[in-house]
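Here's the structure, in structure tokens; my notes come after.
The values are calculated or read from the model by the stated rules, or taken from the named source; none is laboratory data. Here the structure is a predicted model, which means the values were calculated and not measured. All Cβ positions, even for glycine, are placed from backbone atoms using ideal geometry, and neighbour counts span all protein chains on display. When the accessible area is computed, the model is the full protein with side chains, heavy atoms only, and any ligands, DNA or RNA have been set aside. Shrake-Rupley method; radii C 1.70, N 1.55, O 1.52, S 1.80 Å.
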Amino acid sequence: MTVKKQALGTLCDGQKVSLYTVSNGKMSFCAMDYGCTLTGIFLPNKIGGGKTDILLGHSTLDAYVASSSCFGSIVGRFANRIGGAKFSIGKNEYSLDKNDNDANTLHGGYTRLDHFVWKSAPIEGKEGCGVKFTRRSVDGEQGFPGNLDVCVSYTLGKDNRLTLKYTATTDKPTPVNFTNHAYFNLAGGGTVLEHTMQSDCEGYLEVDKNLIPTGKIIPVSGTAFDFTKEKPLGRDIAKTGSGYDHCFVTPAYGKENSAVPLKQKPLVVAAILRDIKSGRKMTVETNLEGIQVYTANSVGGVIGKNGRVYKKHEAVCLETQCFPDTPNKAEFPSCILQPGETYKAVTVYGFEF
């Protein structure tokens with residue numbers, strides 16, 4: 001197991017950015033402290049040797065700075081959407097950026113966490129070796145209340161499991177919902193429509209025309225959203241409109257779990273992604289009740305790594321998270337972090353090749 005750190009570049013304000021490469025001798029990943037960004041995951045090829053990068057992204061720091069795609073980066077303070085760009089806690093109403101359809105907040109608004117340099121350091125623990133990122137999001141940043149002290153870690157084990165951990169504490173009640181916005185393509189290129197997915201998610205969130213949840217959970221049975229039996233992502237994608245961009249309800253959700261603190265919830269399997277041709281497989285485990293399945297519906301024409309022009313559906317994002325618009329939905333499990341509590345979310349990507 002090795003962790004190597006190197007200077008990546010300097011931002012226009014003089015902040016230095018570092019890149020970490022973590023390897024277990026079989027696979028490796030790279031992450032930079034600009035936006036806690038996973039810049040690459042490298043899996044071995046069965047034929048011809050070498051390794052293939054299974055993440056979409058950019059080749060240069062400048063391109064990440066200019067990008068709005070969140071390739072591989074941290075997303076928060078509240079991942080996904082908040083309807084009406086506002087919410088209330090008690091008698092206090094908080095207004096947020098309307099950066100989605102001029103009406104809602106998406107991924108925290110304009111002051112995005114992936115456009116900050118975080119403090120970073122290599123780490124070693126029971127999950128393996130990796131890197132830890134820390135940052136204080138000050139009271140009022142993005143419109144959210146409370147000073148929020150955040151720690152994000154990415155560690156790789158000898159068992160080819162990449163563990164993402166998010167912890168946070170606050171001095172005021174505040175919504176918290178973090179995820180990583182990695183765009184996966186297990187083949188390393190082409191669309192993911194022939195990738196297969198299997199999921200034990202038996203429901204998904206109904207949304208309105210602006211993709212804001214109505215509060216209703218729809219059974220997946222008999223719909224295009226039914227992945228309880230393994231099937232290609234492209235089989236029913238035409239029935240969804242432009243593609244999947246929906247929050248599925250993981251087995252972590254349920255009446256028996258609704259009152260269990262997040263830090264005590266066990267990991268559940270939220271999705272299994274497979275590319276038959278390369279033989280690669282990725283299992284996603286999490287303690288969160290939601291997983292947003294997004295088939296890269298808007299990346300067509302984006303210039304990515306090595307100047308490649310990405311196509312629509314060239315990747316799939318599997319964003320583990322609390323339910324979207326939770327601050328405005330009393331029927332959803334609460335996402336409000338209280339002073340004295342610790343937010344603790346875990347996602348594990350397990351690879352087979």
Worksheet item: Under a GNM of the chain (C-alpha, springs under 10 Å), which listed residue has the highest mean-square fluctuation: LYS311, LYS98, LYS209?
Response: LYS209
Practice prompt. Give LYS26/LYS46; LYS98/LYS172; LYS165/LYS216; LYS158/LYS277; LYS4/LYS158 a once-over and call out the pairs whose C-alpha atoms are over 19 Å from each other.
Written response: LYS98/LYS172; LYS165/LYS216; LYS158/LYS277
Practice prompt. Order the peptides 236-248, 168-180 from the highest to the lowest mean number of other Cβ atoms within 10 Å of their residues.
Written response: 168-180, 236-248
Worksheet item: Length gain on complete extension for the stretch ASP13 to THR240, per 0.36 nm per residue less the alpha carbon to alpha carbon distance?
Response: 77.4 nm
Fill in: Sequence of SER199, SER95, SER23 when ordered by accessible area, the most exposed leading, probe 1.4 angstrom
SER95, SER23, SER199
Worksheet item: When the distances between all Cα atoms of region 189-336 are binned every 5 Å from zero, what whole-number percent does each bin get?
Response: 2, 9, 18, 21, 20, 14, 9, 5, 2, 0
Item to complete: Set the Förster distance to 25 Å, then compute FRET efficiency between ASN92 and ASP226 from the Cβ-Cβ distance, nearest 0.05.
Response: 0.05
Discussion item. Going by amide H atoms built from the backbone, whose H comes under 5 Å of the H on ARG280, apart from near neighbours?
Written reply: ASP275
Discussion item. I need the phi-derived Karplus couplings for region 181-197: 6.51 cos²θ - 1.76 cosθ + 1.60, θ = phi - 60°, integer Hz, Gly and Pro marked x.
Written reply: 9, 5, 9, 9, 9, 5, 7, x, x, x, 6, 9, 5, 8, 4, 9, 9
Response to the item:
Sorted by accessible surface (1.4 Å probe, heavy atoms of the protein chains only), largest first, TYR110, TYR349 come out as TYR110, TYR349
Practice prompt. Give a residue-ordered list of calculated ³J(HN,Hα) values for region 209-216 (Karplus: 6.51 cos²θ - 1.76 cosθ + 1.60, θ = phi - 60°; whole Hz; x for Gly, Pro).
Written response: 5, 9, 6, 8, x, 7, x, 9
Practice prompt. For THR2 and LYS312, calculate 0.36 nm times their separation in residues minus their Cα-Cα distance, and state this gained length in nm to one decimal.
Written response: 108.1 nm
Response to the item:
Listed by chain and number, the residues whose amide H is under 5 Å from that of ALA315, excluding neighbours fewer than 5 places away on the same chain and using placed H, are VAL192
Worksheet entry | Using θ = phi - 60° and Karplus 6.51 cos²θ - 1.76 cosθ + 1.60, couplings along region 71-86 (whole Hz; Gly, Pro as x) | 4, x, 9, 5, 10, x, 5, 10, 5, 6, 9, 10, x, x, 6, 7
Item to complete: For region 154-261, give the percent of accessible area contributed by carbon and sulfur heavy atoms, probe 1.4 Å, rounded to a whole number.
Response: 50 percent
Discussion item. Averaging over every viewing direction, what projected area does the convex hull of the Cα atoms of the chain cover, in nm²?
Written reply: 16.8 nm²
Practice prompt. Please report the relative contact order for the chain, taking Cα pairs under 8 Å with a sequence separation of at least 6, and give it as a percent rounded to a whole number.
Written response: 17 percent
Response to the item:
Amide H contacts under 5 Å for ASP100, restricted to residues at least 5 apart in sequence or on another chain and with H modeled in the peptide plane, are LEU106
Worksheet item: Which residue fluctuates the most in the chain, going by a Gaussian network model with Cα springs under 10 Å, if the choices are ASP200, ASP53, ASP13?
Response: ASP13
Worksheet item: Using the Cβ atoms and a cut-off under 14 Å, what net charge is assigned to the surroundings of THR223, where Lys and Arg are +1 and Asp and Glu are -1?
Response: +1
